[in-house]
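The next block holds one structure in the form of structure tokens; read it before the comments.
The values are calculated or read from the model by the stated rules, or taken from the named source; none is laboratory data. Predicted model, so just to flag it, every value in this text is computed and none were measured. FYI the Cβ positions are ideal-geometry reconstructions off the backbone, even for glycines, and counts take in every protein chain you see. To get the accessible areas, we keep the full protein, side chains included, count just its heavy atoms, and leave off ligands, DNA and RNA. Shrake-Rupley method; radii C 1.70, N 1.55, O 1.52, S 1.80 Å.
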Amino acid sequence: SMGYSDTPSVVCDVNRQFFESSPPEQFATLFFARYNDRSRRLHYVNAGHPAPIVIRADGAVERLGSTSFVVGAFPHWSSEE
């Protein structure tokens, strides 16, 4: 465990640190995910990054679209998981 209870909390902390340490015109896209192999569930946040592709065991293809805006552009950031 990383000391965070959910994926958005990790990215929220990254956003705060990026915002505080970077010039105002700088921002970043970010994809962050946690995979639970027992439940076979992927929990992710996509902060403005090009959509990653998941290829499922049955061959189905799924794009993981954005769940929030980029990091580092605003002092407060939030997202759904």
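Summary of computed values
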item: Cut-off of 10 Å, at most 13 other beta carbons, DSSP loop: longest stretch of the chain lacking such trypsin sites (Lys or Arg not before Pro); result: 1-37
item: Surface accessible to a 1.4 Å probe, Phe19 within the full protein complex, Å²; result: 70
item: The stretch 19-79: GluC sites (Glu not before Pro) in DSSP loop, at most 14 other beta carbons within 10 Å; result: Glu25
item: About the Cα centre, charge dipole magnitude for the chain (Lys/Arg +1, Asp/Glu -1 at Cβ), debye; result: 280
item: Value at 222 nm in deg cm²/dmol, rounded to 500, when DSSP H runs of n ≥ 4 in the chain each add -39,500 (n - 2.57); result: -6000 deg cm²/dmol
item: Where labels lie 7 Å past Cα in the beta-carbon direction, separation of Ala51 and Thr29 in nm; result: 1.2
item: Accessible solvent surface per residue of the chain, calculated while the other protein chains remain in place, 1.4 angstrom probe, Å²; result: 70
item: Extreme residue, positive dipole direction of the chain, given options Ile53, Gly65, Phe32 (C-beta unit charges); result: Ile53
item: Distance (nanometres) between label positions extended 7 Å along Cα→Cβ at Val61 and Asp6; result: 3.2
item: Of all accessible heavy-atom area on the chain, the percent that carbon and sulfur account for (1.4 Å); result: 53
